[in-house]
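**Q** After the structure tokens below, expect a handful of questions from me.
The values are calculated or read from the model by the stated rules, or taken from the named source; none is laboratory data. All values derive from a computational prediction rather than experimental measurement. Cβ placement follows ideal geometry from the backbone for every residue including glycine, while neighbour counts extend to all protein chains displayed. Note: accessible area is taken over every heavy atom of the protein model, side chains too, but ligands, DNA and RNA are not part of it. Shrake-Rupley method; radii C 1.70, N 1.55, O 1.52, S 1.80 Å.
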Amino acid sequence: MSALRSAYVRLGLAVAASTIVLDQAHKWYMLLVYRIQDRGRVSVTPFLDIVFVKNEGISYGLFTQGSMAGQYLLAGFAVLASALMTLWLAKGVNNRVLAWGVGLIIGGAIGNAIDRILLGGVADFFSLHAFGFYWYVFNIADVAIVAGVAALLYDSFILSRSSAPKSTQ
């Protein structure tokens, strides 16, 4: 069982590392090569724009921290949460879906924490909209976190129930 568990740990850490690399490469390309901050809003499709927003808070700009001390606090929280998720990965993950989900969350959290330390906030670029309604602006790390949470929910509600012992009554 420990060999199988270590395979899930390696998978989760590989997903986390890949997520961090993809997220950071995209952010630095957008900022240093494409220079989105100089272009303003760029329409890609009728429902997707690319724009640069530096989010100094958490989801939807909640708990905005305008100071670097606040950004360090939020980054520290992300690192702590990632450490706890890594511990869970090492001790309790028992399938691929869970390993992927935990890895995506860890990678997304660390990717955004890096932004907080280097940029003073999280760099967001993707703006979805339809019929005059604009959702929040997000990045690849945010997508990874949401996909990771979806994987955890899928594991919790679908996989865990289908593998639970069946009642004989």
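**Q** Subtract the Cα-Cα distance of Ala147 and Leu31 from 0.36 nm times their separation in residues, and report this length gain in nm to one decimal. Show your work: numbers first, answer last.
**A** On the way: separation 116, 0.36 × 116 = 41.76 nm, distance 2.46 nm.
Net length gain for the segment: 39.3 nm.
**Q** Just from its helices, what would the mean residue ellipticity at 222 nm be for the chain, if runs of 4 or more DSSP H residues each count -39500 (n - 2.57) and the sum is divided by every residue, rounded to the nearest 500 deg cm²/dmol?
**A** Computed ellipticity for the chain at 222 nm equals -19500 deg cm²/dmol.
**Q** While we're looking at this one, here's another question. Residue separation times 0.36 nm, minus the C-alpha to C-alpha distance between Val21 and Leu87: what's the value? Show your work: numbers first, answer last.
**A** Details: separation 66, 0.36 × 66 = 23.76 nm, distance 2.13 nm.
Contour length minus Cα-Cα distance gives 21.6 nm.
**Q** For the charge dipole of the chain, defined by +1 on Lys and Arg C-beta atoms and -1 on Asp and Glu C-beta atoms about the Cα centroid, which residue among Ala144, Ala113, Leu11 has the Cα displaced farthest towards the positive pole?
**A** Leu11
**Q** Give the angle, between 0 and 90 degrees and rounded to the nearest 10, that separates the Cα long axis of helix 2-28 from the longest principal axis of the Cα atoms of the chain.
**A** 10 degrees
**Q** Against the longest alpha carbon principal axis of the chain, how many degrees, from 0 to 90 and to the nearest 10, is the axis of helix 96-119 turned?
**A** Long axis of 96-119 versus the principal axis of the chain: about 30 degrees.
**Q** Which is farthest toward the positive dipole end of the chain among Phe77, Ile36, Asn55, measuring Cα position about the Cα centre, with Cβ charges +1 (Lys, Arg) and -1 (Asp, Glu)?
**A** Phe77
**Q** Where does helix 68-92 land angle-wise versus the long Cα axis of the chain, in degrees 0 to 90, nearest 10?
**A** So the helix axis and the longest Cα principal axis differ by about 20 degrees.
**Q** I need to check one value: relative contact order of the range 98-156, counting alpha carbon pairs closer than 8 Å and at least 6 residues apart, in percent.
**A** Working: 65 pairs, mean separation 28.8, N = 59.
Worked out over the range 98-156, it gives 49 percent.
**Q** Okay, next question. Quick one: give the max-minus-min coordinate of the C-alpha atoms of the range 90-144 along each principal axis, largest first, in Å.
**A** Per principal axis, max minus min of the Cα coordinates gives 45, 31, 11 Å.
**Q** What Kirkwood radius, in Å to one decimal, follows from the Cα pairs of the chain?
**A** Details: mean 1/r = 0.0578 Å⁻¹.
Hydrodynamic radius (Kirkwood, Cα pairs) of the chain is 17.3 Å.
**Q** Evaluate the relative contact order of the range 1-142 (contact order divided by residue number), counting alpha-carbon pairs under 8 angstrom at least 6 apart; express in whole percent. Please list the in-between numbers first.
**A** On the way: 197 pairs, mean separation 51.4, N = 142.
Once normalised by length, the contact order is 36 percent.
**Q** Counting only heavy atoms of the protein chains, get the accessible area per residue of the chain (1.4 Å probe) and round it to a whole Å² value. Please list the in-between numbers first.
**A** Details: 9820 Å² over 169 residues.
On a per-residue basis, 58 Å².
**Q** Hey, another quick one. Please give the net charge around Met30, taking every other residue with its beta carbon less than 15 angstrom from that of Met30, where Lys and Arg add +1 and Asp and Glu add -1. Walk me through the numbers on the way to the answer.
**A** Numbers: positive: Lys27, Arg35, Arg39, Arg41, Lys54; negative: Asp23, Asp38, Asp49, Asp115, Asp124, Asp142.
Combined, the nearby Lys, Arg, Asp and Glu give -1.
**Q** Still on this structure: Probe radius 1.4 Å, ligands and nucleic acids ignored: give me the carbon and sulfur share of the accessible area of the range 1-125 as a rounded percent. Spell out each step's value before the answer.
**A** Numbers: 4690 of 6710 Å².
Ligands and nucleic acids excluded, carbon and sulfur reach 70 percent.
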